[in-house]
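Here is the structure we will look at, set down as structure tokens.
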Amino acid sequence: MGKETTLHDTPLDKLLRTYADADEIVFERAAGAEAEAAAELCRGARRRAECLRRRFGGRRAAEVASTYGVEVTSAEWETAGGRVVHLAECSLRPPRILINAAAIKTCAGAAREMSWGHEVQWFSEGEITEIATAHELFHVLDRQPSSAVAEFAAHAFARAFTGLPFSPLLYHELLRVRSVR
């Protein structure tokens, strides 16, 4: 007696449809970002990702980071009353990316619980780590103060750099859904 479902009616599939739109549309819905500003920021982030892809080929984000002198490490931490909030964070001095292994595990686990398997290609701990690393790499290379606009740019960059078929905001939605339980 397993679940009876069609190929496209799992909770994860519904989220994938929501977050598969172009970054400009996703960001406008998520934060009311002005369409023109969102479009420009997404184009710039995608151009930067494409330049790095041409320069470094298929190298992983952590490898690219190391060529820029950015250390990538992993730890487990929780915030907000025991709820995991961030997949990763970075610092500029020294240039460092810290991957939150607890958040990565939580996100991957939430995806496994919500799907049938055909949807989880992008939800392994390794793939989520790659996307989170690319996201933080953008912040380190961009060297701009943190803001909603900088976050959207980092999401667009990570999506283009990794070939992710949906906005990385989906991972944050999985963490939010998981923390509400």
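Sorted ascending by nearby beta carbons within 10 Å, beginning with the fewest, 51, 107 become 51, 107. Would you please classify the overall shape of segment 115-174 from the alpha carbon gyration tensor, given that a ≥ b ≥ c denote the square roots of the eigenvalues, rounded means a/c under 1.5, and beyond that prolate means a/b larger than b/c while oblate covers the rest? Cα axes put segment 115-174 in the prolate bin. If the only charges are +1 at each Lys and Arg Cβ and -1 at each Asp and Glu Cβ, what is the size of the charge dipole of segment 120-181 around the Cα centre, to the nearest 20 debye? So the dipole magnitude of segment 120-181 works out to roughly 200 debye. Charge tally for residue 72 (other residues, Cβ to Cβ under 12 Å; Lys, Arg +1; Asp, Glu -1): -3.
Placing dummy labels 7 Å off each Cα toward the beta-carbon, the span from residue 112 to residue 92 is 3.9 nm.
Put simply, when 121-131, 55-65 are sorted by average Cβ atoms within 10 angstrom per residue, most first, you get 121-131, 55-65.
Rule-based calculations on the coordinates, nothing more; no lab input. All values derive from a computational prediction rather than experimental measurement. Quick reminder, even Gly has a Cβ in these numbers, built from the backbone with ideal geometry, and neighbours come from all protein chains shown.
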